[in-house]
Amino acid sequence: KRIRKLKKDSKTKIASTYALALYEGAEQRRAVEAVVKDVETLTALLREDKNFVAYLANPLWDAAAKKSALKSIAPKLKLSSETLNCLDILADNGRFGELVLILDGFRKIYYQKHGIEEVEVASVKALSPAQDKKLKAELEKLLQKKVVVNYLIMPELLGGLRIKYGSSMIDDTLAGKLNRLELVMKGGR
């Protein structure tokens, strides 16, 4: 287990280094917003095609072939030259296995530097656009900063919302209320 944790920590550290380099490079070229769009595009692609990273991380496929493939899909994805350059470096260094962590790291750096709070909201079903707008406005008022909300659909919550931000959590789910009631009743015996 310890070796597995060390490998994970090592990958996270490597990914953080690449994410920071991508952010700083984009900042120097005044292309941060373009790279943010690219990160979102790539993240959506990775959600759609779970094998995309596996293909790019395959050690049997040489760096030149990977770079050629990336160059051919970059215009279709409308990737900026900064992002394509970063992907080329990942190909040269055999680091596509960390791509998801790098994209996540870049997003976290961007949010931190722009005063944006990432919030996770779990609910039984998707919120309507009106509910989403109202929730974001309330969260921005509560946190006093711009928020980006990541939604999770979790039918096991039975109803209500569970909101996580930073190290805080607001659990207003029916499942959470039932669990708290059960604890109170067990303690009362």
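Odds and ends about this structure:
- Residue satisfying condition, being open to solvent by 80 Å² or more (accessible area, probe 1.4 Å), within 25 Å of D104 (Cα to Cα) and either free of Cβ contacts under 8 Å to residues at least 24 places away in the same chain or part of a strand (DSSP E or B) (or both), within set K141, K186, K177, K133: K133
- Residues located in region 144-157, provided they are surrounded by 16 or more Cβ atoms within 10 Å (Cβ to Cβ) and over 23 Å from D38 (Cβ atoms): L157
- Within region 74-87, at least one residue is acidic (D, E), crowded, with 16+ Cβ neighbours inside 10 Å and either in contact with a helix residue (DSSP H, G or I) (Cβ under 7 Å, 6 or more places away or on another chain) or on the phi < 0 side of the Ramachandran plot (or both).
- Picking from residues in region 144-174 that are in contact with a strand residue (DSSP E or B) (Cβ under 7 Å, 6 or more places away or on another chain) and assigned to a helix (DSSP H, G or I), the one that is nearest to E40 (Cα to Cα) is L157.
- Meets criteria (among the aliphatic types (A, V, I, L, M) and in contact (Cβ under 8 Å) with a residue 40 or more places away in the chain) for A65: no
- Residue check: T41 meets all listed conditions (1) part of a helix (DSSP H, G or I); (2) under 18 Å from K113 (Cβ atoms); (3) not aliphatic (A, V, I, L, M) but one, namely (2).
- Any hit, region 17-31, residues being under 20 Å from the mean Cα position of the chain (by Cα), open to solvent by 80 Å² or more (accessible area, probe 1.4 Å), under 22 Å from N150 (Cβ atoms) and of a type outside the set (S, T, N, Q): no
- Residues of region 110-130 satisfying the condition of being among the small types (G, A, S), outside any loop (DSSP other than H, G, I, E, B) and open to solvent by 40 Å² or more (accessible area, probe 1.4 Å): A130
- Taking every residue in region 154-170 that is on the phi > 0 side of the Ramachandran plot and pairing it with any residue that is open to solvent by less than 40 Å² (accessible area, probe 1.4 Å) and not polar (S, T, N, Q), at least 6 positions away or on another chain, the pairs with Cβ-Cβ distances below 7 Å are L158/A175.
- Looking only at region 158-174, and only at residues there that are within 24 Å of the chain's Cα centre (by Cα) and among the hydrophobic types (A, V, I, L, M, F, W, C), the one that is least open to solvent (accessible area, probe 1.4 Å): I163
The values are calculated or read from the model by the stated rules, or taken from the named source; none is laboratory data. Since the model is a prediction, treat every value here as computed from it, not as a measurement. Methodologically, a virtual Cβ is constructed for each residue, glycine included, from the backbone with ideal geometry; neighbour enumeration extends over all protein chains shown. All accessible areas refer to the heavy atoms of the entire protein, side chains included, with ligands and DNA or RNA removed. Shrake-Rupley method; radii C 1.70, N 1.55, O 1.52, S 1.80 Å.
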